[in-house]
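The values are calculated or read from the model by the stated rules, or taken from the named source; none is laboratory data. As the structure is a prediction and not an experimental result, all values here were calculated from the model. Note that we place each Cβ from the backbone using ideal geometry, even for glycine, and neighbour counts take in every protein chain shown.
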Amino acid sequence: MEQSWDVIVVGGGAAGLMAAGTAAENGRRVMLFDKNRLPGRKVRITGKGRCNLTNRCGLETLMENIPGNGKFLYSAFGQFSPADTIDFFEARGLKLKTERGNRVFPASDKAADVADALACFCRGAGVQIHLDEAVRGLMLDDGQVCGVITGKGRYAAESVIVATGGKSYPLTGSTGDGYRFAQAAGHTIVPPVPSLVPLEIREIWCHKLQGLSLKNVILSVTQAESGRPVYEEMGEMLFTHFGVSGPLVLSASAHMKAMTPGKYQLHIDLKPALDEKQLDTRLLRDFEKYHNRDFCNALHDLLPQKLIPVVVSLSEIPPNKKVNQLSREDRKKVIGCLKCLTLTAERFRPIEEAIVTSGGVKVSEINPKTMESKLCHGLYFAGEVLDVDAYTGGFNLQIAFSTGYLAGQNA
């Protein structure tokens, strides 16, 4: 054995850093391994580099935003709540701000400040951080963990916390290593699938809108066959070369279970502030203003330039028809496009492009009060490696902080 430690943490993301610092603050000798050259690499790119680190909400709202296995997290949230997360960062000099939907961000809008605060917490507590050193496997002996093996040697420990993340964003180190470690210890892995992921769209015209960002629109999702509503929210979305992305789409994807081509339709209300009667009044005003123009040249006050040819085509109104010749029926067609621009979801983008993964270590095999394995003494799990995930809004990072704290307290 090269070295012996009380606790070894595998993974230097949000959950791993919280776990390591917490264990060290409780007087344990802690070593943290991360395969990256910088701790908190995934944290540094979350929220487009702004990092929505938690949500200023209570337990009921937390549970509503965790689609599966939420009950497993009751103890973790009870021990380390969103309020505790806010206090944790503010006590370390990181100023925070609360935005729409109670989303909490660093006042600097810099995700790196969150990662740096976590790394400073660990170093201040005495954690030894080994960067650029990947753990290859666990050392196991008769139903208990006794250390880890890296490319540089073997490290003994009384406890090991696995906080390696899922399979999303593999360039940040989330390559599914934790699943392999868990299986070696006898754990069941619920097959990981993408959650909070962009969508590929069937309609060809959608791809012509690449780069167009829509703000303050309502996106609703229905099952194509039955029309059953699945999701609806107002916010922002983005058209890409493959389909759609952005906050609304990522949130919607978490509700789209057992995805198959054509199973779900997306409906965009481009003008949610106006009902159909008000929109008709608006159209009449614009058409009066441009009464001598062709129809295709009379929508510039109402729509972004990229959307105009799409709406014109979908309305099935001849683009060169004069505005003064448009009928009430024509206006109804335009209003139908503006209030319900419909897309067909073909598939999720690859799991590597997902914000988080759904699936992971089966939670029935984990003690929810300690995060310790029920199958292997001294082995703990925290964060996205577990089969828990949430919608957007800071809830996934809160899961990481809460489970990391609980694992660190008990390891």
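Determine whether residue 225 is surrounded by fewer than 16 Cβ atoms within 10 Å (Cβ to Cβ), within 30 Å of residue 13 (Cβ to Cβ) and acidic (Asp, Glu). Reasoning before the result, please.
On the way: surrounded by fewer than 16 Cβ atoms within 10 Å (Cβ to Cβ): yes; within 30 Å of residue 13 (Cβ to Cβ): no; acidic (Asp, Glu): yes.
Criteria not met by residue 225.
Quick check on my filter: what residues within segment 138-157 are surrounded by 13 or more Cβ atoms within 10 Å (Cβ to Cβ), on the phi > 0 side of the Ramachandran plot and part of a strand (DSSP E or B)? Step through it out loud before you land on a result.
Applying the first criterion (surrounded by 13 or more Cβ atoms within 10 Å (Cβ to Cβ)) to segment 138-157 yields 138-140, 143-150, 154-157.
Now narrow it down to the ones that are on the phi > 0 side of the Ramachandran plot: 143, 147.
Once the filter is applied, which keeps residues that are surrounded by 13 or more Cβ atoms within 10 Å (Cβ to Cβ), on the phi > 0 side of the Ramachandran plot and part of a strand (DSSP E or B), segment 138-157 yields only 147.
Taking segment 345-357, which residues are touching an Asp or Glu at 6+ places or on another chain (Cβ under 6 Å) and either modelled with pLDDT of 95 or more or over 22 Å from residue 240 (Cβ atoms) (or both)?
So the first thing to find is which residues in segment 345-357 are touching an Asp or Glu at 6+ places or on another chain (Cβ under 6 Å), and the list is 346-347, 356.
Scanning segment 345-357 gives 346, 347.
Among 375, 397, 386, which is buried (at least 24 other Cβ atoms within 10 Å of the Cβ), in the same structural domain as residue 54 (by TED's automatic domain parsing) and closer than 15 Å to residue 183 by Cα?
Working: 375 fails: buried (at least 24 other Cβ atoms within 10 Å of the Cβ); 397 fails: closer than 15 Å to residue 183 by Cα.
It is 386.
May I ask you to verify whether residue 166 is assigned to a loop (DSSP other than H, G, I, E, B) and in contact with a Cys (Cβ under 8 Å, 6 or more places away or on another chain)?
No; evaluated as a whole, the condition is false for this residue.
Please state which of the following conditions residue 123 fails to meet, knowing it meets all the rest: (1) buried (at least 21 other Cβ atoms within 10 Å of the Cβ); (2) at pLDDT 95 or above.
In the conditions (1) buried (at least 21 other Cβ atoms within 10 Å of the Cβ); (2) at pLDDT 95 or above, residue 123 misses (1) alone.
Cβ-Cβ distance below 7 Å, separation of 6 or more or different chains: which pairs start in segment 30-44 with a residue that is of a type in the set (D, E, K, R) and end on one that is surrounded by fewer than 24 Cβ atoms within 10 Å (Cβ to Cβ) and not in a loop (DSSP other than H, G, I, E, B)?
34/131; 37/131; 41/172; 42/172; 44/111; 44/112
Since residue 313 meets every condition but one in (1) hydroxyl-bearing (Ser, Thr, Tyr); (2) modelled with pLDDT of 95 or more; (3) assigned by TED's automatic domain parsing to the domain that holds residue 9, which condition does it not meet?
(3)
Of the residues in segment 345-372, how many are buried (at least 18 other Cβ atoms within 10 Å of the Cβ), β-branched (Val, Ile, Thr) and not in a helix (DSSP H, G or I)?
Counting residues in segment 345-372 that are buried (at least 18 other Cβ atoms within 10 Å of the Cβ), β-branched (Val, Ile, Thr) and not in a helix (DSSP H, G or I) gives 5.
Okay, residues lined up against (1) at pLDDT below 95; (2) buried (at least 16 other Cβ atoms within 10 Å of the Cβ):
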site	(1), (2)
109	no, no
127	no, yes
159	no, yes
172	yes, yes
177	yes, yes
182	no, yes
192	yes, yes
196	yes, yes
202	no, no
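Exactly one condition in (1) within 20 Å of residue 386 (Cα to Cα); (2) surrounded by fewer than 24 Cβ atoms within 10 Å (Cβ to Cβ); (3) touching a residue at least 60 places away in the same chain (Cβ under 8 Å) is false for residue 101; which is it?
(1)
Might you let me know whether segment 172-190 holds any residue that is over 27 Å from residue 313 (Cβ atoms), assigned to a strand (DSSP E or B), in contact (Cβ under 8 Å) with a residue 12 or more places away in the chain and under 20 Å from the mean Cα position of the chain (by Cα)? Step through it out loud before you land on a result.
Restricting attention to segment 172-190, the residues satisfying the condition of being over 27 Å from residue 313 (Cβ atoms) are 172-190.
Still in the running and assigned to a strand (DSSP E or B): 189-190.
With in contact (Cβ under 8 Å) with a residue 12 or more places away in the chain added as a condition, the list becomes 189-190.
After this cut, where a residue has to be under 20 Å from the mean Cα position of the chain (by Cα) as well, the list is 190.
Yes, the conditions are met somewhere in segment 172-190.
If a residue must be β-branched (Val, Ile, Thr) and surrounded by 13 or more Cβ atoms within 10 Å (Cβ to Cβ), how many such residues does segment 281-309 contain? Reasoning before the result, please.
Just the residues of segment 281-309 that are β-branched (Val, Ile, Thr), to begin with: 281, 308.
Next, only the ones that are surrounded by 13 or more Cβ atoms within 10 Å (Cβ to Cβ) stay: 308.
Residues in segment 281-309 being β-branched (Val, Ile, Thr) and surrounded by 13 or more Cβ atoms within 10 Å (Cβ to Cβ): 1 in total.
Given the criterion more than 27 Å from residue 253 (Cα to Cα) and out of contact with any strand residue (DSSP E or B) (no Cβ under 8 Å at 6 or more places or on another chain), identify the matching residue among 23, 83, 14.
Details: 23 fails: out of contact with any strand residue (DSSP E or B) (no Cβ under 8 Å at 6 or more places or on another chain); 14 fails: more than 27 Å from residue 253 (Cα to Cα).
Matching residue, one of 23, 83, 14: 83.
Would you mind telling me which numbered condition in (1) surrounded by 20 or more Cβ atoms within 10 Å (Cβ to Cβ); (2) over 22 Å from residue 371 (Cα atoms); (3) in contact (Cβ under 8 Å) with a residue 40 or more places away in the chain residue 94 fails?
(3)
As an exercise: evaluate residue 312 against (1) touching a Pro at 6+ places or on another chain (Cβ under 8 Å); (2) closer than 30 Å to residue 65 by Cβ and give the number of the one condition it does not meet.
(2)
Quick one: which of 278, 265 is surrounded by 16 or more Cβ atoms within 10 Å (Cβ to Cβ) and not assigned by TED's automatic domain parsing to the domain that holds residue 363? Working first, answer last.
Details: 278 fails: surrounded by 16 or more Cβ atoms within 10 Å (Cβ to Cβ).
That would be 265, the only listed residue that is surrounded by 16 or more Cβ atoms within 10 Å (Cβ to Cβ) and not assigned by TED's automatic domain parsing to the domain that holds residue 363.
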